[in-house]
Amino acid sequence: MRGYQTPGLLSVWRGGATIFMRAILKAYGVTDRLVWVADSFEGLPAPNPTKYPEDAKWNLHLVDVLAVSLDEVMSNFERYGLLDERVRFLKGWFRDTLPHAPIEKLAVLRLDGDLYESTMDALVNLYPKLSIGGYAIVDDWTLDSCRQAIDDFRNQNGITDEIVPIDRSAVYWQRTR
Ligand SMILES: C[S@@+](CC[C@H](N)C(=O)[O-])C[C@H]1O[C@@H](n2cnc3c(N)ncnc32)[C@H](O)[C@@H]1O
């Protein structure tokens with residue numbers, strides 16, 4: 001993975017996967033990469049069925065357990081001794097934060113936003129920054145809203161890289177061009 005700049009995770013919840021990313025960098029003594037942690041830190045957005053009919057049936061914005069504050073996520077990093085300047089937080093809705101995110105290049109783009117809107121906003125704004133040879137990981141492949149966004153984005157951009165299953169819900173592909 002040399003030559004790629006940063007792993008980034010969109011949709012963080014309590015922070016577990018991002019804490020793991022930071023821990024891997026520390027374990028391997030990597031000091032020239034950042035971990036980007038992007039989330040509203042207040043749960044999912046209400047569906048916008050006019051713009052995203054695929055999300056119309058979801059009411060995930062009402063699920064309190066998915067709303068974890070930035071303070072709580074930071075304190076979870078701290079508990080593992082992994083909260084430092086190599087972890088950067090982007091707080092807000094993806095539609096607002098990602099178009100102007102100061103991210104240059106990504107090695108790993110991990111998505112877990114459940115909705116069509118969240119998945120598409122992440123891909124449109126960040127996939128162009130994913131290095132050739134980098135990895136896109138999608139946690140919610142089995143949710144039809146998320147899967148539709150992945151299918152649409154891949155079709156619109158001529159992406160044919162093989163989709164590889166990870167477990168019963170997640171998949172990844174390696175960007176080859
Ligand atoms: C299912 S949880 C993620 C679980 C986490 N990746 C894990 O493996 O433990 C979904 C997360 O995405 C965030 N989220 C979803 N859509 C978002 C959006 N459009 N903008 C900002 N945050 C969003 C929610 O706040 C929540 O933290």
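Just so it is clear, none of the values below were taken in a lab; they were calculated from the coordinates. Fair warning: this is a prediction, and the values are worked out from it, not measured in the lab. Backbone-built Cβ (ideal geometry, glycine too); neighbour counts: all protein chains shown.
Considering every Cα-Cα pair within region 116-168, what fraction, in whole percent, is farther apart than 13 Å? Considering region 116-168, 60 percent of its Cα-Cα pairs are separated by more than 13 Å.
Taking every Cα-Cα distance in the chain and sorting them into 5 Å bins from zero, the calculated P(r) comes out as 1, 8, 17, 22, 22, 17, 9, 3, 1, 0 percent.
For region 86-101 versus region 14-49, the spacing of their alpha-carbon centroids is 11 Å. Given +1 at the Cβ of Lys and Arg, -1 at the Cβ of Asp and Glu and no other charges, the dipole of region 6-174 around its Cα centre is 440 debye to the nearest 20.
In this rough spin-label picture, where each label sits 7 Å from Cα along the Cβ direction, the GLU42-ARG88 distance is 2.4 nm.
Entry note, region 6-174: relative contact order of 23 percent, from Cα contacts under 8 Å with a spacing of 6+ residues.
Once the chain from ASP96 to TYR28 is taken as fully extended at 0.36 nm per residue, the excess over their C-alpha distance is 21.1 nm.
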